[in-house]
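Read the structure below first, then the notes.
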Amino acid sequence: MGRGLKRGLYIGLIITMIVAIYAWIRYTPDDFASFAAHLSNALFQIGLLLLIIGVVIFTRLFSFRRRYHLPAIVPKGKTPEDHAEMKAEDEERNERDKRELAEKGRDTTFLFSALVTIVISIVLTINQLF
């Protein structure tokens, strides 16, 4: 998990630098307040996109039936033996997924990078409040 947090921090900071360069070139702001407003808006949108990607990866929406042990609709012609075999394969995949997640920590990467970009966006807007 530490690897995912470190990667998320790096990704968030790299995205912040790229968006800052883009905002500077695109809008050529006169003062820091307008630059901070443009940068904050862009970072917040990027952060939301990263959050969506992170949630999809974290919850594994594409394999939710298997992950949450929901019963599969058995098509006609399937026997109980076939169904038991499919269930055993699903359990094997779940165990393999758990091992891979423990090794890679990929779940937290996009979530933490979204957190970094959104926090930087909020810090830039707090400056405008005072």
Problem set entry | Net charge of neighbours whose Cβ lies under 14 Å from the Cβ of W24, counting Lys and Arg as +1 and Asp and Glu as -1 | -1
Exercise. So how much accessible area does M17 have, in Å² to the nearest 10, using a 1.4 Å probe?
Worked result: 120
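Any chance you could run the full-extension gain for V55 through M17? It's 0.36 nm times the residue separation minus the Cα-Cα distance, nm to one decimal. Please report the intermediate quantities before stating the final value.
Numbers: separation 38, 0.36 × 38 = 13.68 nm, distance 2.37 nm.
Roughly 11.3 nm would be gained on extension.
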Exercise. Among 49-55, 111-117, what's the highest-first ranking by average C-beta atoms within 10 angstrom per residue?
Worked result: 111-117, 49-55
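The values are calculated or read from the model by the stated rules, or taken from the named source; none is laboratory data. Just so you know, these numbers come straight off a predicted model, no measurement behind them. Every residue, glycine among them, receives a Cβ derived from its backbone with ideal geometry; neighbour counts consider all protein chains shown. Surface accessibility is based on the protein's heavy atoms, side chains included, excluding ligands, DNA and RNA. Shrake-Rupley method; radii C 1.70, N 1.55, O 1.52, S 1.80 Å.
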